[in-house]
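**Student:** Below: one structure in structure tokens.
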Amino acid sequence: MAKKKTTRTSPSKKAPARAAPKKPVAKDAGKNAPKKVAKKAPKKAGAGRATASTKSHAAHGPRSGSRHAPKKAAKPTGAKALELFAQAMDMAQSGFLFDAISAFKDLAADRKNDLADDAQCNVGLCYLRMHLYADALESFAKVARDYPDATIAQVQGAAHEYGKTAAKAHLGRVHAFLGMGDLASARAEADAMQADTESHVVSADGSRQTFAQLADTAVRAAGG
């Protein structure tokens, strides 16, 4: 059999790949190459000042002239005090005794107020109605101690009472002692009132009774 001729294909010669030209490197590149600087996040406007301000306030507290400094509540005087007194009386007469006590205490806080003694006495009367006798005794004692010569104001709820506010407070103490069952203290309180013959109450029929007489009658009725 005749042999088949095989033709050999010579591999095509590829052109040698040219090396990429090297970039010229500057001398002393390591020394003189510019260093990358990390960029800082931009500060928000006012952030630095707010932080400094916060630290300042935290260390020293609010300045007296600051807009944010706590304001002192103005004390009621004159016509305003009279209006607040009437409102407190309405609360007491309507049975809102806790609210009335709070209002009367606000008025009594300013001892220069002409109604301070009456307001303090009414605090005791409210406690008396609530059967909080110890609180009532303390409130009445404050009237006698701080306002020994003050007179009862002719206002709503007290237009029929005359004389010293302390006499009214002593009568309140008599009733507080009786409420506690302390008959001996009630009698001692009533006896100490006998010297005041001017402070009195005018009843609906026009009859006149002193606070001392009212105290004595209350003690006698309790068996003392």
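**Student:** Working only within the range 143-171, note down all residues that are of a type in the set (Lys, Arg) and under 20 Å from ALA92 (Cα atoms).
**Tutor:** Selection gives LYS168 alone.
**Student:** How about the range 103-120: which of its residues are free of Cβ contacts under 8 Å to residues at least 24 places away in the same chain and either under 15 Å from GLN154 (Cα atoms) or among the aromatic types (Phe, Trp, Tyr) (or both)?
**Tutor:** PHE104 - this is the single residue of the range 103-120 that is free of Cβ contacts under 8 Å to residues at least 24 places away in the same chain and either under 15 Å from GLN154 (Cα atoms) or among the aromatic types (Phe, Trp, Tyr) (or both).
**Student:** From GLN213, GLN194, GLN209, which residue is over 36 Å from the mean Cα position of the chain (by Cα), more than 26 Å from MET91 (Cα to Cα), assigned to a loop (DSSP other than H, G, I, E, B) and not aliphatic (A, V, I, L, M)?
**Tutor:** Checking each option against the conditions leaves just GLN194.
**Student:** What number of residues within the range 177-198 are within 22 Å of LEU132 (Cβ to Cβ), without any contact (Cβ under 8 Å) to a residue 40 or more places away in the chain, buried (at least 19 other Cβ atoms within 10 Å of the Cβ) and of a type in the set (A, V, I, L, M)?
**Tutor:** The total comes to 2.
**Student:** Does LYS71 fit the bill of being over 14 Å from VAL155 (Cα atoms) and at pLDDT below 90?
**Tutor:** For LYS71, the condition - over 14 Å from VAL155 (Cα atoms) and at pLDDT below 90 - is met.
**Student:** Among the residues of the range 98-114, is any in contact with a helix residue (DSSP H, G or I) (Cβ under 8 Å, 6 or more places away or on another chain), among the acidic types (Asp, Glu), under 22 Å from ARG220 (Cβ atoms) and crowded, with 16+ Cβ neighbours inside 10 Å?
**Tutor:** Taking every residue of the range 98-114 in turn, none turns out to be in contact with a helix residue (DSSP H, G or I) (Cβ under 8 Å, 6 or more places away or on another chain), among the acidic types (Asp, Glu), under 22 Å from ARG220 (Cβ atoms) and crowded, with 16+ Cβ neighbours inside 10 Å.
**Student:** Within the range 148-171, track down each residue that is within 18 Å of LEU128 (Cβ to Cβ) and in a loop (DSSP other than H, G, I, E, B).
**Tutor:** Residues satisfying the conditions are ILE152, GLY157, ALA158.
**Student:** Then there's this: Test of understanding: among VAL201, VAL174, which residue is surrounded by 18 or more Cβ atoms within 10 Å (Cβ to Cβ), outside any helix (DSSP H, G or I) and either in contact (Cβ under 8 Å) with a residue 40 or more places away in the chain or over 40 Å from the mean Cα position of the chain (by Cα) (or both)?
**Tutor:** Just a single option satisfies the conditions, and that option is VAL201.
**Student:** Out of the residues in the range 146-171 meeting the condition of being touching a residue at least 40 places away in the same chain (Cβ under 8 Å) and among the charged types (D, E, K, R), tell me which one is farthest from GLY206 (Cα to Cα).
**Tutor:** In this case the residue turns out to be LYS168.
**Student:** Here are ASP149, ASP118: which of them is crowded, with 23+ Cβ neighbours inside 10 Å and closer than 26 Å to ARG208 by Cβ?
**Tutor:** The conditions single out ASP118.
The values are calculated or read from the model by the stated rules, or taken from the named source; none is laboratory data. For clarity, every value in this text was computed on a predicted model and none was experimentally measured. Backbone-built Cβ (ideal geometry, glycine too); neighbour counts: all protein chains shown.
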